[in-house]
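K.L.:
Encoded as structure tokens, here's the structure I'll be asking about.
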Amino acid sequence: MAKDLKFFMREHKTEVVTAPGPESFKDENGKVIDFEIKKLSFEEIDKITEGYKKHKVATDKKGNPIVSGGEVVWKTENDAKRSTRHLIVEALQYPDLKDKKLMDYYKCVDVTDMPLKVFPDADEYLHVVKIVMAALGMGDQIDNEDEKTLEEAKN
């Protein structure tokens, strides 16, 4: 008897969750503003993160290509910080960091710079990174080096 695959044939719905923003963002009544975060699919997350990987020929101190076993050795560079900021921009629905008025206000042309402009305080930025990554199911992906850098910036 063949197993039925209909259970795996389902429509994927976009889910938006809310989470409290940083304490420094309050409405006119003094209540912390809730952020709206779209849960990105793994495919969307993977596409964004892969876009920030570069493959280069590995070189020695003199700039000569490194060869091993008759083949050129490649190294992969990953811009994790920029990738994280891109994920934040794509996931945040409110505030919409891609909004033209907001980008014009901050005189910003690259969306990956927007999280740094809108959340310049280390505590604010770390809070946003944590809530977005948690909503995306990537809470454990926060780079310890980023946390260390942000802690140093606070002091």
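K.L.:
Choose one answer from VAL16, VAL128, VAL67: the residue with the largest mean-square fluctuation in a GNM of the chain with alpha-carbon springs under 10 Å.
P.N.:
It is VAL67.
K.L.:
Accessible area per residue, 1.4 Å probe, Å², for region 22-93: what's the number?
P.N.:
70 Å²
K.L.:
Among the listed pairs LYS13/LYS54; LYS81/LYS117; LYS53/LYS101; LYS53/LYS81; LYS54/LYS81, which are separated by more than 20 Å between their Cα atoms?
P.N.:
Where the Cα-Cα span goes over 20 Å, the pairs concerned are LYS13/LYS54; LYS53/LYS101.
K.L.:
If you roll a 1.4 Å probe over the chain with all protein chains in place, what percent of the accessible area is carbon or sulfur? Numbers along the way, then the final one.
P.N.:
Values: 5710 of 11300 Å².
Heavy-atom surface of the chain belonging to carbon and sulfur, 1.4 Å probe: 51 percent.
K.L.:
Would you mind computing the Rg to Rh ratio of region 1-75 from its alpha-carbon coordinates, Kirkwood style for Rh?
P.N.:
Ratio of gyration radius to Kirkwood radius for region 1-75: 1.31.
K.L.:
Which one of PHE25, SER41, VAL73 is farthest out on the positive end of the charge dipole of the chain, using unit charges on Cβ (Lys, Arg +1; Asp, Glu -1) and the Cα centre as origin?
P.N.:
Farthest towards the positive pole: VAL73.
K.L.:
Continuing with this model, one more query. Rounded to the nearest 500, what is the 222 nm mean residue ellipticity of the chain from helices alone, with -39500 (n - 2.57) per DSSP H run of 4+ residues and division by all residues?
P.N.:
One gets -10500 deg cm²/dmol as the mean residue ellipticity at 222 nm.
K.L.:
Which whole number in µm²/s is D for the chain by Stokes-Einstein, with the Kirkwood Rh taken over Cα pairs at 4 °C and 1.567 mPa s?
P.N.:
Calculated translational D: 71 µm²/s.
K.L.:
Quick one: how many Å² of LEU102 are accessible to a 1.4 Å probe, rounded to 10?
P.N.:
50 Å²
K.L.:
Quick one, could you list the DSSP H helices from the chain stretching 18 Å or more along their long axis (Cα atoms) with average Kyte-Doolittle hydropathy of 0.5 or above?
P.N.:
122-135
K.L.:
Same structure again: Ordering HIS12, HIS55 by accessible area with a probe of 1.4 Å, largest first, what comes out?
P.N.:
HIS12, HIS55
The values are calculated or read from the model by the stated rules, or taken from the named source; none is laboratory data. No experiment lies behind these values; they were computed from the predicted model shown. Every residue, glycine as well, gets a Cβ built from its backbone with ideal geometry; the counts of neighbours run over all protein chains shown. Heads up: the accessible areas ignore ligands, DNA and RNA and are worked out on the full protein's heavy atoms, side chains in. Shrake-Rupley method; radii C 1.70, N 1.55, O 1.52, S 1.80 Å.
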